[in-house]
Amino acid sequence: MRAGLAGDEGAYRRLLRELTPFLRTLARSGLARAGRPTAEAEDIAQDVLIAIHTRRSSWIASEPLVPWIRAILKHKLIDFLRRRGTTGHIDTFAEVIAAPAEEPGIATRDVVKLAESLPSGQKAVIRAMFVDGHNTQETASALQMSEGAVRVSLHRGLAGLAKMLRGSI
Amino acid sequence: MKTDDLITALSRDAKRTGPSVQGRIAMAVALGIASAFALMMASLGMRPDVTAATRNMLFDLKIVLVATLAVAAVALVRAVARPEAALPKVVLLVPALILLFGIGHEVATQLPAALPGRLVGDKWAVCLVAIPLLGALPLAAILTAMSAAAPRDATLAGALSGLAAGAIAATFYGLHCTDDSPLFVATWYSLAIGMLAAAGAGIGRRVLAW
């Protein structure tokens, strides 16, 4: 995470990849406790990944990372359950069983489809980066924007997506 | 969408954008202090007898009370910005005890008949208008800093931002205000700071949710 915050793309990707099984497991145990189908765990894991990304400057680099991640997940899980009308009591994730190593990793909703209702500039940036797999520099030249503008659009787009995710679930 | 694709896309945006939330809060507080002080000096000015007033125990008590409330509120804002942190509510004890001492002192040293007049004071209406006005900019600055934070409770985060902004504004308003009775402070300052906290809660509920 520290390297990720410093802009090391590879380290950041590895961190998010390594965190994902942990997020799935916690999400699944939270869902099971609330009596929800555990298939929704992938939706929550994706929500949490986006939240980790957009809120990463709220983590203090000298503090342990795991409590922060757990708190983000708990927040998203409670939010998810509340929106689905479940008043499950989620206090601790004391005992969790390791997730199976192989996961399909496909959520029940499509973030890219949701992005269709974003303003056109943000939609273009999200599409260029998420679907076409461009980095900020390539996106900037493809859309004839400055890199700064791409970054701003991406952040607004991600924030908008996070809002829509909260609305859609 | 595959989670792995999402991760790849997010990691392309790995480069950090701007300072940490804690850094942003510190800057917002500094900006809030500077703006509240400048606005107070430009519009109301120090009370004319400010040098003599510093030898008045009730004036000192008033300033120390609102200043410690500001420090406590900023500590709470810094904690509420972090999803994993517990709120250090105990910091509020310091201003609370100062206020209790002040009220006790007032009741013990003043004639009972004088207490209602001291509570109402001279310029309660100015206090109720000036503190929210002086605190508006600090509140905006703190809420802006909090927009990248991850508070568990957006309403609470907004309310605490308002409390911090209100206490900062009250500290500088206190240098102008000639009502020094702890009864006055407990009533009107609290009400004015409460208005900012309520505004912060209402705004926070809408803009700080994530």
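The values are calculated or read from the model by the stated rules, or taken from the named source; none is laboratory data. Worth saying up front: this structure is predicted, and the values here are computed from it rather than measured. All Cβ positions, even for glycine, are placed from backbone atoms using ideal geometry, and neighbour counts span all protein chains on display.
General observations
- Out of A:ARG55, A:ARG24, A:ARG36, A:ARG28, sole residue that is closer than 16 Å to A:ALA162 by Cβ and of a type in the set (Lys, Arg): A:ARG55
- Against the numbered list (1) more than 15 Å from the chain's Cα centre (by Cα); (2) surrounded by fewer than 21 Cβ atoms within 10 Å (Cβ to Cβ), A:ARG28 comes up short only at (2).
- Lone unmet requirement of (1) over 30 Å from B:VAL21 (Cα atoms); (2) surrounded by 14 or more Cβ atoms within 10 Å (Cβ to Cβ) for B:VAL66: (1)
- Residue selected from the stretch B:18-33 under the condition surrounded by fewer than 20 Cβ atoms within 10 Å (Cβ to Cβ) and either over 14 Å from the mean Cα position of the chain (by Cα) or of a type in the set (Ser, Thr, Tyr) (or both), by the criterion farthest from the other protein chains (Cβ to nearest Cβ): B:MET27
- Between A:GLU9, A:GLU42, the distinction of being surrounded by fewer than 20 Cβ atoms within 10 Å (Cβ to Cβ), acidic (Asp, Glu) and at the interface with chain B (Cβ under 8 Å from one of its Cβ atoms) belongs to A:GLU9 only.
- Against the test of being in contact (Cβ under 8 Å) with a residue 12 or more places away in the chain, within 14 Å of another protein chain (Cβ to nearest Cβ), part of a helix (DSSP H, G or I) and out of contact with any strand residue (DSSP E or B) (no Cβ under 8 Å at 6 or more places or on another chain), the options B:ALA145, B:ALA150, B:ALA130 yield a single qualifying residue, B:ALA145.
- Within the stretch A:119-169, if we keep just the residues that are not polar (S, T, N, Q) and not in a helix (DSSP H, G or I), the residue that is farthest from A:ILE50 (Cα to Cα) turns out to be A:MET145.
- Reported count of residues in the stretch B:174-210, each being among the hydrophobic types (A, V, I, L, M, F, W, C), surrounded by fewer than 20 Cβ atoms within 10 Å (Cβ to Cβ) and not in a helix (DSSP H, G or I), is 1.
- Screening the candidates B:VAL120, B:VAL91, B:VAL74 for the property of being closer than 30 Å to B:ALA201 by Cα, crowded, with 20+ Cβ neighbours inside 10 Å and in contact with a helix residue (DSSP H, G or I) (Cβ under 8 Å, 6 or more places away or on another chain) yields one hit, B:VAL74.
- Within the stretch A:115-154, the set of residues being under 24 Å from A:GLU42 (Cβ atoms) and within 9 Å of another protein chain (Cβ to nearest Cβ) comprises A:ILE126, A:MET129, A:PHE130, A:VAL131, A:GLY133, A:LEU154.
- Candidates A:SER57, A:SER62 - the one that is part of a helix (DSSP H, G or I) and either more than 10 Å from chain B (Cβ to nearest Cβ) or closer than 22 Å to B:ALA9 by Cα (or both): A:SER57
- Pairs linking a residue in the stretch B:160-180 that is touching a residue at least 40 places away in the same chain (Cβ under 8 Å) to a residue that is in a loop (DSSP other than H, G, I, E, B) and among the acidic types (Asp, Glu), with Cβ atoms under 7 Å and 6 or more positions apart or on different chains, are B:THR178/B:ASP122; B:ASP179/B:ASP122.
- Of the candidates B:ALA114, B:ALA108, B:ALA145, B:ALA125, the single residue that is small (Gly, Ala, Ser) and at pLDDT 95 or above is B:ALA145.
- Here B:ASP179 fulfils each of the conditions (1) within 10 Å of the chain's Cα centre (by Cα); (2) at pLDDT below 95 apart from (1).
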